[in-house]
1. Among DSSP beta bridges lying fully in the chain, give the percent that are antiparallel, nearest 5.
2. Starting from the Cα-Cα distance between SER67 and GLU156, subtract it from 0.36 nm times their residue separation and give me the gain in nm to one decimal.
3. Compute the relative contact order of the chain as a whole-number percentage, counting only Cα pairs closer than 8 Å that sit 6 or more residues apart in sequence.
4. Do any GluC sites (Glu not before Pro) in region 104-172 lie in a loop, going by DSSP, with at most 14 other beta-carbon atoms within 10 Å of their beta carbon, and if so which?
5. Along the Cα→Cβ direction, 7 angstrom out, place labels at LEU239 and ASN34. What is the inter-label distance in nm?
6. So what is the relative contact order of region 104-161, in percent, for Cα pairs below 8 Å that sit 6 or more residues apart?
7. Once you treat every alpha carbon in region 1-81 as an equal point and sum by Debye, what is log10 I(q)/I(0) at q = 0.24 Å⁻¹?
8. For region 16-135, what number results from the quotient of the Cα radius of gyration and 2.2 N^0.38 Å?
Amino acid sequence: MNDNWKVSIITTTFNDAAHLRQIMEQVLRQTYENIEYIVVDGASKDGTINLLKEMEPAFGGRLRWISEPDAGIYDAINKGVRLASGDLIGCCFDHFTGDDVIARMVDVIRREGTDGVHADLVYKDGDKVIRTWRQGQGNIRFGWMPGHPTLYLKREVYEKFGLYKTDYVCSADYEYMVRILKDGAVRLSYIPETLIEMDYGGTSTSSLKAYWVSLVEGHRGLKENQVRFAWFTDACRILRLFTQFIRR
């Protein structure tokens, strides 16, 4: 890996052109220069393609995009990872809290010699903070998990461990983190600051039913990765999730 790391940022979208414009504008504002921005659109009909064509010149050749039907968000993310040519790969679905977020992520991985980085995030409904994700460092077996929207990984991690499973509805990201972190093969740096703000209402945060599906799929992910005493990890994870709502 050379000194001028390329960072591939992936955004998946479907019929959400106004939100996509906001994300694209904040990617353009990032102070880190060697960014490749990838948009995977699920064949939107709301003007998304026109937006992508409009914004292409501003990226100066750093924008790559496709628009075609997909089998869900994890299939779309996988398409983005396959398109990515960067040394560091992550997703952007909502809002960076500053223009130097990517620069700081690259800097900490370089300094600490790790395989990736994560940070704190909050879920907001308008200006109101609904949920605070402040996990620090920990052990996946004790219910700890990084906030996926803050997770940026070296390309080598995907080459070694593969992509997201597309037969999960809303917890393929958790299964993937269990897969790469359970045995300590992947080391992550941690930035103890809120670097991402998410709009409350994502696939795994929008309803009680979604929470239940998330927990069931999370247990499945533990079992598929041969994590012993999965029920204990489930209980620890539920407790951690609950505390995210009460320590806003």
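1. In the chain, DSSP labels about 30 percent of beta bridges as antiparallel.
2. 29.4 nm
3. The value is 21 percent.
4. Values: sites: GLU112, GLU156, GLU159; in loops: none.
Passing sites in region 104-172 do not exist.
5. 4.3 nm
6. On the way: 63 pairs, mean separation 19.9, N = 58.
Relative contact order here is 34 percent.
7. Here log10 of I(q) over I(0) equals -1.19.
8. 1.12
Values in this text are rule-based calculations from the coordinates and carry no lab data. What you see is a predicted model, and the numbers here were worked out from it, not measured in a lab. So basically every Cβ, Gly included, is an ideal-geometry build from the backbone, and we count neighbours across all protein chains shown.
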